[in-house]
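Notes for the one structure printed next.
Nothing in this text is a laboratory measurement; each read-out follows from the coordinates by a stated rule. As the structure is a prediction and not an experimental result, all values here were calculated from the model. As a convention, Cβ positions derive from the backbone with ideal geometry for all residues, glycine included, and neighbour counts pool all protein chains shown.
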């Protein structure tokens, strides 16, 4: 797959997004590497620069959401983990972040990511 850019997932194939989710991304250093983890999804990655870890973590979160939609588990996971689906992209995010002596080296970011719309194969006949 040399020279080809990898798609973010099936969101483009579905023809759009169902809505948006606000996810909590945490970043910290472990030795020479930055580690990033999405609190709600458990998705994680690491790398040498904070910028590259942030970009990769957002891509992985979108792929995770695409996978959940593909297998019909998105609604259950959102309900169990308290993830809210917004129909319009939020312009303001208010969240409470606990602060403690142990968390002084953790950088927290709230990120809005697209949630894929179901494709024709994902729709259930009623």
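A few notes on this one:
- Kirkwood hydrodynamic radius of the stretch 19-114, from inverse mean 1/r over distinct Cα pairs, in Å: 14.2
- Peptide ranges 84-92, 62-70, 37-45 listed from the most packed, as the mean C-beta count within 10 angstrom indicates: 62-70, 37-45, 84-92
- In nm, spacing of pseudo-spin labels at residue 51 and residue 117 (7 Å Cα→C-beta vector): 3.4
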